[in-house]
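What follows is one structure encoded as structure tokens, with my remarks underneath.
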């Protein structure tokens, strides 16, 4: 029996099979679970592959569940942020692309923080300004009225992205898991992002890692009463 508390809910960060590592659900089984629970639907995320085409197929296989796709700007799409990949995804049958993540685990910030010795994918220049390909990606997201998320960016990079998004006119810029170690954004920078019109994501899964879980080395987030809130995202419905 559907849970009324989940009615209309969209989960906007679901890793499904097929993927490069094992996941607990497939696109289809997740869609079926959403129907059974009363949820409206979900958005598929993969660090490596665009999922908008899969989302379209899953929505056809499981009518009544809204399934959306996304794109992560990692090395599978080149060594720079790739606006062309975004433009093609936006043209794909089903019109299911709803989120573009800037580089995540292969971002320049993550590569440096993890001491990989590899440069990673940059999003800002030597002066700390958003690169032209990042600005163009923002413009595409603004035109399509979809989400652009900060991915695994540093504090300073995140504020610069929020600033650039405001200038471009992007209404749905999201600071990714702002309260999750090791990408925690400082309270002052969260405030600055809010003031620039950004949404700030609080990832609930971060509350269930740490000692005694499958991810013991990762620290749980420290509550910040003033800024710790879950943002509401609007996935625009298209005809």
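Since every read-out is calculated from the coordinates, none of them should be taken as a lab result. All figures in this text were calculated on a predicted structure; none of them were measured in a lab. Cβ coordinates were reconstructed from backbone atoms using ideal geometry, including for glycine residues, and neighbour counts include every protein chain displayed.
Beta carbons within 10 angstrom, averaged per residue: use that to sort the peptides 92-100, 58-66, highest first.
Numbers: 92-100: 21.0, 58-66: 16.6.
Order by mean packing, descending: 92-100, 58-66.
Compute the separation of the alpha-carbon centres of segment 138-168 and segment 30-71 and state it in Å as a whole number.
Taking the Cα centre of segment 30-71 as reference, the centre of segment 138-168 is 24 Å away.
Once the Cα gyration tensor of segment 1-72 is diagonalised, what are the square roots of 5 times its eigenvalues, in whole Å and ordered largest first, as equivalent ellipsoid semi-axes? Could you put the intermediate results ahead of the total?
Details: eigenvalues 83, 26, 23 Å².
Over the Cα atoms of segment 1-72, the ellipsoid semi-axes are 20, 11, 11 Å.
Stretch residue 61-residue 125 to full length: gain in nm at 0.36 nm per residue minus the Cα-Cα span? If you can, show how the numbers build up before the last one.
Numbers: separation 64, 0.36 × 64 = 23.04 nm, distance 4.40 nm.
Contour length minus the Cα-Cα distance gives 18.6 nm.
Quick check for you: which residues of segment 129-163 have the amide N under 11 Å from the point 7 Å beyond the Cα of residue 80 toward its beta carbon?
Taking a point 7 Å out along Cα→Cβ of residue 80, the residues of segment 129-163 whose backbone N falls under 11 Å are 131-134.
Using 0.36 nm per residue of separation minus the Cα-Cα distance, give me the extension gain between residue 156 and residue 9 in nm, one decimal. Can you show the working numbers first?
Values: separation 147, 0.36 × 147 = 52.92 nm, distance 3.21 nm.
Length difference between fully extended and current span is 49.7 nm.
Just to be sure I understand: if I project the alpha-carbon convex hull of segment 1-144 onto a plane and average over all orientations, what area do I get in nm²?
Working: hull surface 39.5 nm².
Its Cα hull, projected and averaged over all orientations, spans 9.9 nm².
Can you give the Kirkwood hydrodynamic radius for segment 40-105, in Å, rounded to one decimal and based on Cα pairs? Can you show the working numbers first?
Values: mean 1/r = 0.0841 Å⁻¹.
Averaging 1/r across every pair of different Cα atoms and inverting gives 11.9 Å.
Compare the peptides 159-166, 19-26, 69-76 by average per-residue count of other Cβ atoms within 10 angstrom and give them in order, highest first. If you can, show how the numbers build up before the last one.
Working: 159-166: 22.1, 19-26: 11.9, 69-76: 23.6.
So the order, starting with the most tightly packed, is 69-76, 159-166, 19-26.
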